[in-house]
Amino acid sequence: NAEYMGKKFVTSIAGLENFPNIKVKDLCSALSKKFACTASFIKQSGEVDLQGDVGVDLVYFLIDNYDIPKDSCRLIDKTVKKKKNEETNQPPPQNQKKKKKKKKKK
């Protein structure tokens, strides 16, 4: 899944404990080289986190190189899109009175 954290995306891989043939250290090294990003193993959650939004490419990489069945892979998008006013840290625009148009004399 990919999460938007500030100005960076973080892609996480969960469920690797179901594949005992995968060595997490070797996987992190291969992912770092393939996607030119940092890949780290989080012991508390058992997930591998990658810096960057590499979701679709990651799925095909795991299927092709680690023999993970396609039905075991799911992409979950956890991004939270900010509203326009939240991004710019500006208050919402005030209701402004419309100016009346002057009628032309004939």
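If you go through region 31-43 and keep only what is outside any strand (DSSP E or B) and surrounded by 14 or more Cβ atoms within 10 Å (Cβ to Cβ), you end up with L31, S32, K34, F35, C37. With the checklist (1) exposed (fewer than 15 other Cβ atoms within 10 Å of the Cβ); (2) more than 19 Å from I63 (Cβ to Cβ); (3) more than 11 Å from the chain's Cα centre (by Cα) in hand, flag the one item G15 doesn't pass. So G15 meets the others, but not (2).
In the set A39, A30, A14, only one residue is in contact with a Cys (Cβ under 8 Å, 6 or more places away or on another chain) and modelled with pLDDT of 90 or more; that residue is A39. Checked against (1) open to solvent by 100 Å² or more (accessible area, probe 1.4 Å); (2) at pLDDT below 90; (3) not basic (K, R), I76 passes all but a single condition, namely (1). Among residues of region 40-52 that are closer than 13 Å to V10 by Cα, those with a Cβ under 6 angstrom from a residue that is at pLDDT below 90 and open to solvent by 50 Å² or more (accessible area, probe 1.4 Å), sequence gap 6+ or separate chain, pair up as G52/F9.
The values are calculated or read from the model by the stated rules, or taken from the named source; none is laboratory data. The model shown is predicted, which means the values in this text are computed figures rather than measured ones. Cβ coordinates were reconstructed from backbone atoms using ideal geometry, including for glycine residues, and neighbour counts include every protein chain displayed. In case anyone asks, the SASA skips ligands and DNA or RNA and just uses the protein heavy atoms, side chains included. Shrake-Rupley method; radii C 1.70, N 1.55, O 1.52, S 1.80 Å.
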